[in-house]
Amino acid sequence: MSGYSVVSRKTLELQQELIVELQEENLELTEDLFKPQVLTESALRGAELPYDESADARSELIAARQKALKAEKFLMVTFGANWCMDCRNLHRILKNEEVQTYTSGLFDFVNVDIGKFNKNADIASELGVTLTKGIPVAIVFDPAGNVIGTTNEGQLEPARRYSSKQILRFVKDIAEKTRIVSPAAVRDE
């Protein structure tokens with residue numbers, strides 16, 4: 001019997017169920033991959049502008065951190081600008097019903113306007129956020145206020161190409177595994 005092992009029917013059934021789930025997920029991701037939904041300026045025309053250019057970013061950030069701590073929620077602070085289609089699409093997807101349903105009790109979000117890379121750079125730097133690999137770039141805090149990580153390596157920069165399923169997996173990965181992985185690379189384990 002060298003090289004063989006006995007597998008129970010229950011184990012075999014569980015493995016078969018997992019294969020079916022993985023095949024369905026693979027199909028969804030393949031569809032997302034081969035029909036990318038690249039957004040254009042006209043697609044976002046009339047949409048809410050997510051970055052308040054006149055906001056006191058430091059005060060808003062302090063208030064958001066206190067609010068998230070009190071509510072024991074994750075906090076995602078996104079640095080970006082209204083002229084950036086990737087930033088606007090990320091904001092649009094985070095407001096999507098499916099994503100918002102998942103995040104509403106778990107996350108708070110705050111946007112910090114960087115203008116034309118000439119505003120609030122000091123705040124980004126203080127938090128360890130770099131803007132060198134594109135925007136949007138985010139830092140995420142856990143419910144205890146500790147930094148989980150940043151997207152300093154450009155994980156969110158191509159947000160105009162991300163689907164709501166990818167962003168949903170991205171935030172789920174943060175909440176469930178306390179890690180930050182590119183939305184394009186997040187996989188259920």
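A few remarks follow.
- Any hit, the range 76-91, residues being among the hydroxyl-bearing types (S, T, Y) and under 19 Å from E48 (Cα atoms): yes
- Unmet requirement for G105, which otherwise passes all of (1) out of contact with any helix residue (DSSP H, G or I) (no Cβ under 7 Å at 6 or more places or on another chain); (2) modelled with pLDDT of 95 or more: (2)
- Members of the range 159-189 that are closer than 18 Å to F79 by Cα and in contact with a Ser or Thr (Cβ under 9 Å, 6 or more places away or on another chain): R160, F170, V171, I180, S182, P183
- Flag for Q66 being at pLDDT below 95 and either under 16 Å from T178 (Cα atoms) or not in a loop (DSSP other than H, G, I, E, B) (or both): no
- Among the residues of the range 103-130, the ones that are of a type in the set (F, W, Y) and over 21 Å from the mean Cα position of the chain (by Cα) come to 1 in all.
- Yes/no for F170 being buried (at least 20 other Cβ atoms within 10 Å of the Cβ) and either in contact with a Phe, Trp or Tyr (Cβ under 7 Å, 6 or more places away or on another chain) or not basic (K, R) (or both): yes
- Checked against the criteria, A159 does not count as at pLDDT 95 or above and within 10 Å of the chain's Cα centre (by Cα).
- Residue match in the range 88-100 (condition: under 22 Å from K67 (Cβ atoms) and surrounded by fewer than 17 Cβ atoms within 10 Å (Cβ to Cβ)): yes
- Just one of the listed residues (D56, D113) is acidic (D, E), at pLDDT 95 or above and surrounded by 19 or more Cβ atoms within 10 Å (Cβ to Cβ), and it is D113.
The values are calculated or read from the model by the stated rules, or taken from the named source; none is laboratory data. The model shown is predicted, which means the values in this text are computed figures rather than measured ones. Ideal geometry is used to build each Cβ from the backbone, glycine not excepted, and the neighbour counts take in all protein chains shown.
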